[in-house]
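*Asks:* Submitted below is the structure of interest, expressed as structure tokens.
The values are calculated or read from the model by the stated rules, or taken from the named source; none is laboratory data. Everything quoted here is computed from the prediction, not taken from an experiment. Don't worry about glycine lacking a Cβ; one is built from the backbone with ideal geometry, like all the others, and counts go over all protein chains shown. When the accessible area is computed, the model is the full protein with side chains, heavy atoms only, and any ligands, DNA or RNA have been set aside. Shrake-Rupley method; radii C 1.70, N 1.55, O 1.52, S 1.80 Å.
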Amino acid sequence: MSEQRRCRWAEKDPLERDYHDAEWGVPQHDPRMLWEMLMLEGFQAGLSWRTILAKREGFRAAFAGFDPARVAAFDEDDVARLLGDAGIVRSRAKIEATIAGARLYQQMGAQAFHDFCWGFTDGKPIAGDGVNVPASTPLSERISKELKARGFKFVGPTIVYAWMQAVGIVNDHAAACFRRGMVAS
């Protein structure tokens, strides 16, 4: 029996394969999870997604389970604590951006954040062609611009496009990938 075909990036590493097979590209409608993934994509800037996946549970522990209300209350003592936490990426700018992002999420409210994220596509995933995977698109540029206007940081067009793929706003599974049709809803 042959193994199922999947996106090339997820074929070798077990951690990436598991993430691909269970989560990547699945339309995500939990506002908190949409925010968590946006923050993690920001931490990924300049690094590999594999690095972030390997530290994901460390991030969740360090950032109070990515509970926006709790993270929004973080202060300079928390920043110092996080800068000393080897379980995460220790970048002051990214840590402070996550705390500020939690405050922005809180100001918007969970439902408004969800509606903002999915409003660009009328609540429906966009299907990539299964062959070409851009680094960014005019839509990711537009979302990036609007996130930045709201005060979010580490949300450039490439980061936003990777987030759109991760949370299923875009289905960029390869044409032959067994997950492509599964996440098309």
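*Asks:* Considering only residues that are touching a Gly at 6+ places or on another chain (Cβ under 8 Å), of a type in the set (A, V, I, L, M, F, W, C) and open to solvent by 20 Å² or more (accessible area, probe 1.4 Å), which ones fall in the range 95-149?
*Replies:* Across the range 95-149, the qualifying residues are Ala100, Leu104.
*Asks:* In the range 158-185, what count of residues is obtained for those that are more than 18 Å from the chain's Cα centre (by Cα), surrounded by fewer than 19 Cβ atoms within 10 Å (Cβ to Cβ) and not aliphatic (A, V, I, L, M)?
*Replies:* 3
*Asks:* Could you identify the single residue in Phe113, Phe154 that is at positive phi and at pLDDT 95 or above?
*Replies:* Phe154
*Asks:* Also: Does Lys94 fit the bill of being assigned to a helix (DSSP H, G or I) and out of contact with any His (no Cβ under 8 Å at 6 or more places or on another chain)?
*Replies:* Against the criterion (assigned to a helix (DSSP H, G or I) and out of contact with any His (no Cβ under 8 Å at 6 or more places or on another chain)), Lys94 qualifies.
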